[in-house]
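Beneath this line is the structure, given in C-alpha cells, with notes to follow.
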Amino acid sequence: MIESVSPEVDCGRFPAKRIIGDVVSVEADIFADGHDSIAAVLLYRQEDESTWQEAPFSALVNDRWVSEFLVSRIGRYRYTIHAWIDHFETWRRDLMKRIQAGQDSSIDYQIGANLVVAAAMRATGDRSSWLTQAADLLGSARDLAEKRNVATGEQLQIGMSQAPDRSLATSLDRELEIVVDPPHARFSAWYEFFPRSTSSVPGAHGTLKDALTRLDYAKELGFDVVYLPPIHPIGAQFRKGKNNSTVAAPGDVGSPWAIGSVEGGHKSIHPSLGTIDDLRAFVYRASELGIRTALDVAFQVSPDHPYVAAHQEWFIKRPDGTVQYAENPPKKYQDIYPFDFESSSWRELWEELQSVFDYWLEQGVSIFRVDNPHTKSFAFWEWAISGIKKRHPETIFLAEAFTRPKIMYRLAKLGFSQSYTYFPWRNTKWDITSYLAELTKPPVREFFRPSQWPNTPDILTEFLQTGGRAAFLIRFILAATLGANYGIYGPAFELLEVRPVRAGSEEYLDSEKYQIRDWDLNSDGSLRDLIAIVNRARRDNPALQNDWTLDFQRIDNDQLICYTKRSLDGINLVLVVVNLDPHYKQSGFVDLPLDKLGIDPSRPFQAHDLLTGARYLWSGPRNYVELDPASIPAHLFVIRRHIRSEVDFDYFL
C-alpha cells in the first residue's frame, strides 16, 4: 500500500512548487500485510527526459518513509513511487534474530542461498558472479560461523539491494509533478511605479527614458524587481478623469488599465511613453543593475481597442446591441470591456491572449503581474501558463487576486507563481499569526507563494491613513520580514501618501491611476533609508529568503508580535519584534524556545538589531523588549548564538 504522499496537491491534479537547487523531500506511508520487510524507490525525471532516475526510500516511523531528489533545472519534474516485499531483507532480519538466540541452522542458510541465486540471475557481470559465489557458500556444508559472516555482512546486503526482485512491485497509480522556478519566484522585492510620472518637468508626461533614470533609485532602495503598470495606448471613449471622474477634462490622461486606442492595443506602447526600443533599453539597464522588469497584463480593453472593431464576437452584447462594459455593482467601468471567455470563438481569443505574453517575452520581459485573473477563465489560465512555461520556463506570474481564498488558491494551483494576499487588512496579532500560519504550512505552502504588499494603487488602508509615519514603518517591516516576496507601490509609500479620495474610502485622492503625479524623491520625510536597510538585511540573511521557517514566538503583550525565521540550513537565525500600535510605546517579555532555536540555555547570546545597529546581551529564554513608535517600532535582530571569550562579552556590551 502506498498512501498519503507528500508533496501532492489535490491527489496529483496539480503540481507542487519548488526552486532550482532545492532538495525535494518526498514522504509516503508504505506498508503491506504481515511482517515482511519492505523496500521502495522514488523514481524521478525532468519532463523532457525519458529515463527515470531512482533514489531509495528510508523508513521513518510508523510506516512513514522518506526519499529525496535534487531539482537542478528550471522546468517541470515528474516523480512516482515503486515498492515491493523485500524477501531477502526479511530473511536476513529473521536470521539475525535466530543467531542472537542461538537458533540458526543450515536450512536457514539454504533458504538464503536460494534467494541469492535468484538475485544472481537478475544481476549481470561481476555482480552476478559474486552473488553466485555467495550463494554457493551459504548452501554448502561450510562452518556456520563462516556462513554467518557472509549472510550478515554489508557486502551481501549491498549486492542484493542492487538486484532486487521487483516482479511483484506495487507502483503508485499516478505520476506527480513539481514545477521548478527560478530563485526570484521564492525571494523578491518589488517596486511599482508609473513611468508617466517620472518626468523631471513638473506636470509633463514621463517617458520610458525618464523611467530608466528611476532604476538607480530603485537599486539604491534595494529592490530587485521593478513593476510597471500597463504601458499601452489608452482609450479615448468614456475616458476617466481625475479621481475616477466619469467625465474627462481636456488633457486628462486616463487610466492605463483602459487599454487600447487607434494607436494600438496589448502589443503596443503608448506613444507618449516611447518606443519598443525604449522598453528594450529599460529592460537592459535594469538587468545591468540586477533588477528584473515586470509588466502588468490586464486582459480587458477600452472601447477604442482594435480588438473591438475586428472581433465583436469576443465580447458580450447587451439586448440593445451595445457591448457590455465592466461592472462590479454599484461600480461601473464604462471605459473597459471584458472579454467573453465562453465566446463561440473562444479558441481564437485564447490563442491571441497567450500571444500577448509571448510578444513581451520576446522583448526580454519574463515577469508578469496579472490584473484580476480571477475574473477570467480558470481553464484559460491553466492552458496559457502551462504552454508559456514549456517554451519559457523562467517566466514568473504574479496573481493580483484580492478575492475569496479558494479562488486565490485555485489560481496558484493553475500555474501562478506568486499571489497577492489579504495582508493589507491583517493588523492584529491574531489576524497576522493565524493567516501567516495558514500560508506557510502544508498543504498551502506546497502550491501557494504569498507576496505581501502593504499598499497598491488601489489600496490605501485605514491603518495607513490614520497611523502616521509609524504605521508605514510597521506595515513595511512586517511585509518585508514575514514574506520572502513582498512589494510596495511607490513613491506613494515611502513618501507617506495618506489622503483618501473621501472618508471611508481606500482610494487615493489624486490617484496616480487617473493623472500624472510629481514626486519629490528627496523629501526629508522619506522612508528610503529604512527601506534600504531592510532590503539589505533581506539580502544578507538567508533566513529572510524563505517562508517555510516562519515561527511565531510568545510575547506577553498583544500589541507586540514576535517571530523567528531560520535559513534552510539552520545556521542563520533572525528574530523580529514589532509594535503593532502606531501611537503608543509598548513593552513585554519575549519567551524563546532556546533548544528548538539551537541556543545553549546555559550561555548568553547576542541580539544584534539591524535597524539601529544596537547590540543586546540576552540570557535565558525570557528577555525584555520595549518599542516606541515615535522612534522606530520594531527590532530586526540577528541572533548570534555563541559567545566564546571575555573579549566577546566586552564587545557585545
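The values are calculated or read from the model by the stated rules, or taken from the named source; none is laboratory data. This is a predicted model, so every value here is computed, not measured. Positions of Cβ are backbone-derived with ideal geometry, glycine not excepted, and every protein chain shown enters the neighbour counts. For accessibility, only protein heavy atoms count, side chains too; no ligands or nucleic acids. Shrake-Rupley method; radii C 1.70, N 1.55, O 1.52, S 1.80 Å.
The one condition from (1) under 24 Å from Pro450 (Cβ atoms); (2) open to solvent by less than 30 Å² (accessible area, probe 1.4 Å) that Ser526 does not meet is (1). Considering only residues in the range 85-105 that are in a helix (DSSP H, G or I) and charged (D, E, K, R), the one that is most open to solvent (accessible area, probe 1.4 Å) turns out to be Lys97. If you go through the range 495-510 and keep only what is farther than 22 Å from Arg528 by Cβ and either in contact with a Pro (Cβ under 8 Å, 6 or more places away or on another chain) or buried (at least 20 other Cβ atoms within 10 Å of the Cβ) (or both), you end up with Glu506, Glu507, Leu509. What is the residue count in the range 238-262 for residues that are surrounded by fewer than 16 Cβ atoms within 10 Å (Cβ to Cβ), in contact (Cβ under 8 Å) with a residue 24 or more places away in the chain and over 20 Å from Phe193 (Cα atoms)? Number of matching residues: 3.
Taking the range 518-555 on its own, how many of its residues are assigned to a strand (DSSP E or B) and either touching a helix residue (DSSP H, G or I) at 6+ places or on another chain (Cβ under 7 Å) or of a type in the set (Asp, Glu) (or both)?
Narrowing the range 518-555 to residues assigned to a strand (DSSP E or B): 551-555.
When the remaining residues are screened for being either touching a helix residue (DSSP H, G or I) at 6+ places or on another chain (Cβ under 7 Å) or of a type in the set (Asp, Glu) (or both), the result is 551-552.
Number of matching residues: 2.
Pairing each residue of the range 217-228 that is in contact (Cβ under 8 Å) with a residue 40 or more places away in the chain and assigned to a loop (DSSP other than H, G, I, E, B) with any residue that is among the charged types (D, E, K, R) and surrounded by 20 or more Cβ atoms within 10 Å (Cβ to Cβ), provided the two are 6+ apart or on different chains, yields C-beta distances under 7 Å for Asp224/Arg292.
Note on the range 54-92: residues that are under 29 Å from Lys390 (Cα atoms) and either of a type in the set (D, E, K, R) or at pLDDT below 95 (or both) amount to 5.
Restricting the range 432-458 to residues that are open to solvent by 50 Å² or more (accessible area, probe 1.4 Å) and touching a residue at least 12 places away in the same chain (Cβ under 8 Å), the residue that is farthest from Pro405 (Cα to Cα) is Asp458. Of all residues in the range 50-71, those satisfying the criterion of being part of a loop (DSSP other than H, G, I, E, B) and either closer than 19 Å to Gln162 by Cβ or open to solvent by 70 Å² or more (accessible area, probe 1.4 Å) (or both) are Ser50, Thr51, Trp52, Phe57, Leu60, Val61, Asn62, Asp63.
Among the residues of the range 627-644, the ones that are within 17 Å of Ile474 (Cβ to Cβ), assigned to a strand (DSSP E or B) and either open to solvent by 40 Å² or more (accessible area, probe 1.4 Å) or of a type outside the set (Gly, Ala, Ser) (or both) come to 6 in all.
Restricting the range 106-156 to residues that are open to solvent by 40 Å² or more (accessible area, probe 1.4 Å) and not in a helix (DSSP H, G or I), the residue that is nearest to Asp86 (Cα to Cα) is Thr152. Scanning the range 1-31 for residues that are buried (at least 16 other Cβ atoms within 10 Å of the Cβ) and in a loop (DSSP other than H, G, I, E, B) yields Pro7, Glu8, Pro15, Ile20, Asp22.
Taking the condition of being acidic (Asp, Glu) and farther than 20 Å from Ile639 by Cβ, how many residues in the range 560-589 meet it?
Here is the first cut: in the range 560-589, the residues acidic (Asp, Glu) are 569, 581.
Cutting the leftovers down to farther than 20 Å from Ile639 by Cβ gives us 581.
Of the residues in that region, 1 qualify.
Counting the residues of the range 168-193 that are touching a residue at least 24 places away in the same chain (Cβ under 8 Å) and either of a type outside the set (A, V, I, L, M) or closer than 30 Å to Tyr109 by Cα (or both) gives 18.
Highlighted here are the strands (runs of 3 or more DSSP E) found entirely within the range 359-449 that include at least 1 residues which are over 16 Å from the mean Cα position of the chain (by Cα): 367-371. Here the range 177-231 is the region considered, the condition is being open to solvent by 10 Å² or more (accessible area, probe 1.4 Å) and among the β-branched types (Val, Ile, Thr), and the residue that is nearest to Arg292 (Cα to Cα) is Thr213. If you go through the range 289-347 and keep only what is open to solvent by 50 Å² or more (accessible area, probe 1.4 Å) and of a type in the set (A, V, I, L, M), you end up with Ala309, Ala310, Ile316.
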